[in-house]
Amino acid sequence: MVIHDRQYVVVVIDDDQYVLDFLKELLEEHGLRVVPFSDGFEAMNYCQNEDVDVVVSDIRMPRISGIQLLETMHEFDSDLPVILVTAYADLGTAVEAIKQKAFDFLIKPFKADLFINAVERALTARMFSAHKENTLVELERAVNSRTAELTQSLEKVSALNREMIQRLCIAAEKKDDDTGAHISRIASYVFCLAKEYGLPEDEAQAIAMASPMHDIGKIGIPDAILFKKGPLTGEEFDVLKNHTSIGQRILEGSSFDLLTKAASIALNHHERWDGTGYPQGLVEKEIPLDGRLVIIADQYDALRSHRPYKEAFNHEKTYQIIAEGDGRTMPCHFDPDVLAAFKRCASEFDAIAKGEIDYLATKGMNLVSENEVPLVIPDKLL
């Protein structure tokens, strides 16, 4: 598959020739250009001098491990997605891989479709990163240099913002079967709550439009942890917590207010008023208001939704848990003024949960399926 005058390039590193040949053949069947290496140092030198989109590396190799390779490659290309694979998995290795910002962590033997899905998501992240930087620069230059086309340029920026949200949400959907519906509801809850709290229409709208990206960092959490049916261990929960900072890193650094606000929400939507939240343990108004709003919306929707470990609760039980506490969720976790606003507009939350209100749809932000938005990845990978 060719794009931008070249094929997508995947570097595969494994000292097992059989595995190397198998992965090369599998990826080439999906239209990708594969550059195989059995030596990590040779692969690293290649990646420093050539255009590479994704790296797939074994962890246990002579001379240099996959973890060391990952760390070194990110020194010269911090956005390069690196997928680590191993036949000798342990939780410590998985945690270290996440700390070094591995894009995904796969355990051999793995199914071909799971491997292709991981590569697909890595390509999406790589192309989105490049697309975001290039497009925003071009649009800003157009606005500054051609004032006669200002209105048209601003419309392009608005369309780009909508497309970014749609594409990011599609990426998240690959990690959570219910994410598409969840993020639509979150925006409606947040808009309702922000208005009841007393924010002006434009401020409430800005936070609501950014809120669907609150969990985008979950694309960087291994499926083994994200989809675990039983309770997480302490170490696994620590890995899961990283989705907040991963989401911030994906979204930060933009000159557009929407993405700046989304980065703040991604980082802070699990902070609690009493300081028992994460990732920073912020207290009271140290937590940005957008995070204080989204935590209640997210908590309400989680309680109303079915999970592998619980049934969906009705509105009355959900309201009681948030307003009065159940030992796990407590009123002291929430900004008292935001909690009071929630109590006043709780009936609207119930209507949103039932699908009677969809704020994003009223703003032309229907979250479409991946088949309705042309992603910049090879057709064969979809």
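The values are calculated or read from the model by the stated rules, or taken from the named source; none is laboratory data. Owing to the predicted nature of the structure, the values given are computational and were not obtained by experimental measurement. Every residue, glycine as well, gets a Cβ built from its backbone with ideal geometry; the counts of neighbours run over all protein chains shown.
Data table
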item	result
Matching residues, region 64-114, being surrounded by 15 or more Cβ atoms within 10 Å (Cβ to Cβ), modelled with pLDDT under 80, not aliphatic (A, V, I, L, M) and not in a loop (DSSP other than H, G, I, E, B)	Thr93, Glu96
Qualifying residue in region 130-137 (condition: modelled with pLDDT of 75 or more and surrounded by fewer than 22 Cβ atoms within 10 Å (Cβ to Cβ))	no
Some residue of region 257-280 being aromatic (Phe, Trp, Tyr) and at pLDDT below 95	no
Residue ranges of helices (runs of 4 or more DSSP H) in region 244-343 with at least 2 members under 22 Å from Ile357 (Cα atoms) and touching a residue at least 40 places away in the same chain (Cβ under 8 Å)	289-304
Unmet criterion (only one of (1) in a helix (DSSP H, G or I); (2) over 22 Å from Thr124 (Cα atoms)) for Leu23	(2)
Any hit, region 241-251, residues being over 17 Å from the mean Cα position of the chain (by Cα) and surrounded by fewer than 19 Cβ atoms within 10 Å (Cβ to Cβ)	no
Given (1) surrounded by 14 or more Cβ atoms within 10 Å (Cβ to Cβ); (2) outside any helix (DSSP H, G or I); (3) of a type in the set (A, V, I, L, M); (4) modelled with pLDDT under 95, number of the condition Leu232 does not satisfy	(1)
Subset of region 32-63 (residues that are in a loop (DSSP other than H, G, I, E, B), free of Cβ contacts under 8 Å to residues at least 60 places away in the same chain and in contact with a helix residue (DSSP H, G or I) (Cβ under 9 Å, 6 or more places away or on another chain))	Ser38, Val52, Ile59, Arg60, Met61, Pro62, Arg63
Residues (under 14 Å from Ala97 (Cα atoms), assigned to a helix (DSSP H, G or I) and of a type in the set (A, V, I, L, M, F, W, C)) located in region 219-229	Ala224, Ile225
